[in-house]
Amino acid sequence: MMKKSYAGWVFNLFYIIAVVIAVVDWIALAGQKKRIDYFAKPGVIIALLIWLALNGNLSGHLIWFFIGLLFSLAGDVFLLLPKEQFNAGLVSFLLAHVAYIIGFNDILPPGNLVSISLILIITITACQIFRSISTGLERSNNSKMKVPFLFYSITISLMVLSACLTLVKGDWIAGPALLVSGGAVLFFLSDTLLAWNRFVTPIPNAKLQVRVTYHSGQFLIVLGAFLRFT
């Protein structure tokens with residue numbers, strides 16, 4: 001019994017370590033400590049990967065969230081390179097969202113009024129945001145990015161919808177469903193802030209806001225998935 005308790009403490013410790021690294025990263029970002037940021041930003045996802053690998057059943061459906069974290073780590077690295085690889089980062093996070101979509105859709109959602117309402121709300125919101133970003137891309141002479149951003153917008157919107165639809169699936173209890181839904185919305189908000197600041201209009205403390213919402217979204221998604229599938 002003591003051995004099992006100790007193992008659980010060690011495994012859960014990696015989640016706490018990920019949170020601590022995230023806070024360090026936010027402080028470093030606010031203080032423009034780039035060297036710390038280079039290690040801390042990917043360090044958060046690495047700690048989550050270790051936690052999930054040690055504590056989760058990666059032979060089951062949870063593997064998709066592990067894969068999503070791997071692609072997220074790749075995206076973090078591409079965006080942190082001295083010569084930023086924005087397109088490679090975009091593709092990496094798109095694949096992360098695809099993995100999460102598969103992970104959330106272990107069963108199809110019921111076709112009821114709540115599901116239809118969620119589809120309409122998320123679709124309308126995503127369309128409005130994409131329209132503004134598309135206009136910004138045209139103004140900044142980045143029209144060639146409109147198609148990639150369209151595909152990315154569709155994918156992340158499907159990820160958010162898939163997460164929110166867990167709220168109406170009978171095999172998802174309220175706690176995990178609320179966690180993944182909140183996490184997906186925060187992830188969506190993070191990417192929206194990033195694109196808005198880059199292509200539409202500057203946002204005060206944008207990098208910090210993007211990072212806080214991104215890390216918080218990842219924490220909630222993997223925790224909710226872990227609680228659901230273990």
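Readers should treat all values here as calculations from the given coordinates under stated rules, not as data from a laboratory. Here the structure is a predicted model, which means the values were calculated and not measured. Positions of Cβ are generated from backbone atoms using ideal geometry, with glycine treated the same way; all protein chains shown enter the neighbour counts.
In table form, for the structure just shown:
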read-out: Surrounding net charge for residue 163, when Lys and Arg each add one and Asp and Glu each subtract one, Cβ distance under 15 Å; value: -1
read-out: Sorted by Cβ density within 10 Å, fewest first, the residues 61, 215; value: 61, 215
read-out: Extension gain from residue 119 to residue 12, taking 0.36 nm per residue of separation minus the Cα-Cα distance; value: 35.0 nm
read-out: Exceeding the 23 Å Cα-Cα cut-off - candidates 34/144; 41/144; 34/83; 41/146; value: 34/144; 41/144; 41/146
read-out: Hz values of 3J(HN,Hα) by residue in segment 167-184 - Karplus curve (6.51, -1.76, 1.60), Gly and Pro given as x; value: 5, 10, 8, x, 8, 10, 7, 4, x, x, 5, 5, 5, 5, 5, x, x, 5
read-out: Estimated FRET transfer efficiency (residue 38, residue 141; beta-carbon r; R0 25 Å; 0.05); value: 0.25
read-out: Of (i) 64, 37, 28; (ii) 63, 50, 26; (iii) 45, 38, 31, the label for Cα extents along the principal axes in Å derived from the coordinates; value: (ii)
read-out: Residue-averaged [θ]222 nm for the chain, counting only DSSP H segments that reach four residues, each worth -39500 (n - 2.57); value: -27500 deg cm²/dmol
read-out: Check: the chain dipole with +1 on Lys, Arg Cβ and -1 on Asp, Glu Cβ, in debye; value: 420 debye
read-out: Selected from 177, 28, 163 as most flexible by GNM, with the chain as the system and alpha-carbon contacts under 10 Å; value: 28
